[in-house]
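Data first, discussion second: the structure below is written as C-alpha cells.
Nothing in this text is a laboratory measurement; each read-out follows from the coordinates by a stated rule. Note that this is a predicted model, so its numbers are computed, not measured. Counting neighbours? That spans all protein chains shown, and the Cβs are built from the backbone with ideal geometry, glycine included.
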Amino acid sequence: MGSGIIELRGLTKRYGTFLAVDRLDLSVNKGEVFGLLGPNGAGKSTTILMMLGLTEPSGGSVSVCGIDATSNPVEVKKRVGYLPDDVGFYEDYSGLDNLIYTARLNRISREEAESRALSLLKRVGLSDAASKKAGKYSRGMRQRLGLADVLIKNPEIIILDEPTLGIDPQGVREFLDLIVKLSREEQLTVLLSSHHLHQVQQVCDRVGIFVGGRLLAMGDIPTLSHQLFNKDSFALTVKVKPAAVTCTENEKQKLKAVISAVPGVTTIEFSGDTITIGCTSDAAADVSRAIVNAGFDLIYLNNKEFGLDEIYQRYFEAGGASGIRK
Amino acid sequence: MKSINAILKQEVRVEYASKHTARPHPFWVMVQKEVGDHVRSWRFLILLFLILLTCIGSLYTSISNLPKSVNQNDPQNAFLFLKLFTLSDGSLPPFHVFIGFLGPLLGIALGFDAVNSEQNRGTLSRITSQPIHRDYLINAKFTGSLIVISTLFFALGFLVMGLGLIITGIPPTAEEFLRIIFFLALSVLYVAFWLNMSILFSIRFKQAATSALTSIAVWLFFTIFYQIIISLVAKLTMPGQGASEAEVVNYQHFILGLLRLVPSQLFSDATTTLLMPAVRSLGPLTMEQVYGAIPSPLPLGQSLLLVWPQLTGLIASTILCFAFSYFSFMKKEIRSR
C-alpha cells in the first residue's frame, strides 16, 4: 500500500461515452504542495470531486487520510477543506457570519467559531471587511474569504480548485504566498489545480500534468524536465563572434569540434547566428571556456532551463498526437 | 479490540459533548438558517402581508354576516364559531377558500429557488463539501419552510379565533376548537405538498424563474383548466335520459374520482367536511340513504373518518413529490457554478 495521504488507484470517471478521468494513479505525500496542472476540461475538477466523495467514480478507488472517499465521504470531508473554483457565499450575510455558519456545520460551538473566524479573517487580511456583506466583496477578497472558510475546520488537507482564476497578478502572488505560508505553518497538505504554469511552478513541490483525463507525468520540475528531455535536459544558447552565419565553414567545423569535446554535450545545432547546445548536465562554464580558449569571442550565453512552459508545450505537441490516445 | 473500544468511547464522548455544550447537530444549524432566511426575506413579508389582509377581510365578512345566518332549523347552529371560517356573503370568499387559494402560492414562493439559487450563488458546492450528508441540505430546506408555514398558519388561525372571540363573544366548544386545529394542520399539509413540488422543480431547473413559472403553471392548471377539462369529459360521458340509477351513480363516482386526482379538490373536500359538520357525504347519496336521517351534524370522529381518504391522498402526493426530489438531488453531481 502507498504511504501518501491521498492515494488514487485506477480512478476512472465516465460520462456516457466520454471518459473524463482515465485510470488515474496518483499519490500525494503528507505536507507537500502538489499542483495538478492541465488545460480546461482535462478532468481536474472531476478528480477533485471524486476525492471528496461529491461524485462517484466509475472505477478505481480514492483513499484520503486512509479513508475511502466514496463510501465514507463525511469522514473525509471532516479532514479536507475544499475551495471550489468561483466560490460563492451567502451574499446577504457578512463575511464573518459566513465563516461562523461553516464552522457550525463542522460542529464547532458558536463562541469558538466566532473567535476562530475572527483570527482567520485577520490572517487572510480581511479584518476590516469582517462585518461587510459578502455580496460586496471583490473577487480577490472572496477568494481570501474562501481560504479562511476552508481553514476554519482545521483541515489536514486543503484542496484548491483553480484558486487564482480571475485575480490580478499582484493578488495572485499574495494569495499563493499566503497558501504556502499557511501550509508550512500548519503542516498542511495542499493540492491545487491550475492551468497557469507559472503560478504552479512558483509554489508547488511537485506537479502532475493532466491531459485528457490522464496523468502524463509527475514529479518536481527538474525531474519532470529530465523525464521529458531525457537526452538534453539542459540547453545552452550561444552566440559567438565572428557570427555563426558569417564565419567560414572551416571556423564552423572548429567551433563544433571544440564544443563537442566538452564532456556532457550531446547535440549542437546551428540556426541563424545562434548555436543551441544540448547537454546532459549543466556545462555552461565548460562550454564558454572552450569557446574562448579556441579564439572565439563569446558574446551571449543563455543557460536555458526547461520550465513548465516547455514541459507543457512539449506535452501538448506529443499529447495531442499520441499521448492521450495511447 | 482495544482500539475499537477506544474509538467507541471517543464516539460516546463526542456525542456527549455535542449534547451538553452548544454544539447543535449540523442539520439543525441548517434548519435554523433556513428559517432565519425565510423570515427575513422580502418575499415572505409580502406574502405575510397578503395573507394577513385576506384573513382580516374574510373575518370581517363572516362577522358581518353572522347575525343573518343564524337560522332556527340549521343543524350547524351549534357550530356558530366555525362560521367565522366558512361564512361569506359572496363578495369575499371565506377563510378556508382563501387559504386554499393562497396556500399554494405560499408553498411555491418558499420553495421555488431552494436548490437552484444555492447552485447559482456557488454556495452549494461549498456547503456539500462540509462534513454533512447531502440529504441534510434538502431535508433542512423542507423542514425549515415547513416550520415557517406551520407557525404562520397556526398563528393566523389563533388570531382569527381570538378576534372572533373578542368581537362576537361566543366561545368555541372543545369540538369546534379541535376541528379548527385539524383544519389548520390540513392546511399546513396542503401547503407542504406545493412546497415539495416547487423544491422538486428547483432541483430540476437551473433557473429560478423557470422553476417558479413551472410551479405556477401546475397550480393554474389544477385550479382552473383541470375543472374545465373535467366538465368537458362530464358532458361527453353523461348518461342518457333513460339511464338506470346505477349508471347515474357510477357516472357521478367517475367524475368525482377524476376531480379528486387534484390536490386542491382533496383539500377543499377535506376542509369543507371539517369546518361544516353538516356535510355527511362527499359523494352522491341516494334517497334511501338520506331517508330517515336526522339532520344533525356529524361528530368530529365521523367527519375525520369521512375525510380520511382525502387526507391519505394528500400525504401520499406530498411524499411522492419529496421522494422524487430526494432521488434527483442525491443523483445530481454538484459542481461549482
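Computed over chain A, the per-residue total of -39500 (n - 2.57) for DSSP H runs of n ≥ 4 gives a 222 nm mean residue ellipticity of -11000 deg cm²/dmol, rounded to 500. So how far, in whole Å, is the C-alpha centre of segment A:258-301 from the one of segment B:140-179? After rounding, the separation between the Cα centres reads 93 Å. Looking at the square roots a ≥ b ≥ c of the eigenvalues of the Cα gyration tensor of segment B:115-169, which shape do they give, rounded for a/c under 1.5, prolate if a/b is larger than b/c, or oblate? It comes out prolate by the Cα gyration axes. Of the trypsin sites (Lys or Arg not before Pro) in segment B:199-267, the ones in a loop by DSSP (not H, G, I, E or B) with at most 14 other beta carbons within 10 Å are B:206.
Kirkwood radius and radius of gyration were both taken over the C-alpha atoms of segment A:12-69, and their ratio Rg/Rh is 0.95. Return the distance in nm (one decimal) between the two label points of a simple spin-label model at residue B:231 and residue B:89, each offset 7 Å from Cα along Cα→Cβ. Calculated label separation equals 2.7 nm. Can you spot the lysines whose alpha carbon is less than 27 Å from residue A:44's alpha carbon? Ignore those fewer than 8 places along the same chain. Qualifying lysines at Cα under 27 Å: A:13, A:30, A:77, A:78, A:153, A:181, A:326, B:206, B:331, B:332. The fewest-to-most ranking of A:110, A:144, A:214 by surrounding Cβ atoms within 10 Å reads A:110, A:214, A:144.
Taking 1.002 mPa s as the viscosity and 20 °C as the temperature, the Stokes-Einstein diffusion coefficient of the protein assembly as shown based on its alpha-carbon Kirkwood radius rounds to 70 µm²/s. For chain A, the spread of Cα positions along the three principal axes, ordered from largest to smallest, is 82, 46, 31 Å.
Neighbours of residue A:297 by Cβ distance under 10 Å: Lys/Arg scored +1, Asp/Glu scored -1, total +2. Shape of segment A:247-304 from its Cα gyration tensor (a ≥ b ≥ c, root eigenvalues): rounded if a/c is under 1.5, otherwise prolate when a/b > b/c, or oblate? It comes out rounded by the Cα gyration axes.
A Cα-only calculation for segment B:59-180 places Rg and Dmax at 20.8, 67 Å. Using the Cβ-Cβ distance between residue A:239 and residue B:332 with R0 set to 56 Å, the FRET efficiency from 1/(1 + (r/R0)^6) comes to roughly 0.40. Other residues whose C-beta falls under 15 angstrom from the C-beta of residue B:187 contribute a net charge of 0, scoring Lys and Arg +1 and Asp and Glu -1. In this simple spin-label approximation, residue A:110 and residue B:302 carry label points 7 Å from Cα along the Cα→Cβ vector, and these lie 5.2 nm apart. What's the percent breakdown of Cα-Cα distances in chain B across 20 Å bins, shortest bin first? With a bin width of 20 Å, the distribution comes to 26, 49, 21, 4, 0.
Of the residues A:239, A:256, the one with the fewest other Cβ atoms within 10 Å heads the list, and the complete ranking is A:256, A:239. At full extension, residue B:256 and residue B:45 could sit 72.2 nm farther apart than now, given 0.36 nm per residue minus the alpha carbon distance. Modelled this way, with points 7 Å down the Cα-to-C-beta line, the labels at residue B:210 and residue B:65 are 4.4 nm from one another.
In this structure, residue A:293 and residue B:133 have a Cβ-Cβ separation that, at R0 = 51 Å, corresponds to a calculated FRET efficiency of about 0.10. Averaging the sequence gap over all C-alpha pairs within less than 8 Å and six or more residues apart, then dividing by the number of residues, gives segment A:6-227 a relative contact order of 29 percent.
Net charge near residue A:167, counting Lys/Arg +1 and Asp/Glu -1 over other residues with Cβ under 10 Å of its Cβ? So the surrounding residues net to +2. Counting other Cβ atoms within 10 Å as a rough exposure proxy, the listed residues A:97, A:86, A:128 run A:128, A:86, A:97 from fewest neighbours to most.
Here is how the number arises for chain B: DSSP H runs of 4 or more residues each give -39500 (n - 2.57), the sum is divided by the residue count, and the result at 222 nm is -24500 deg cm²/dmol.
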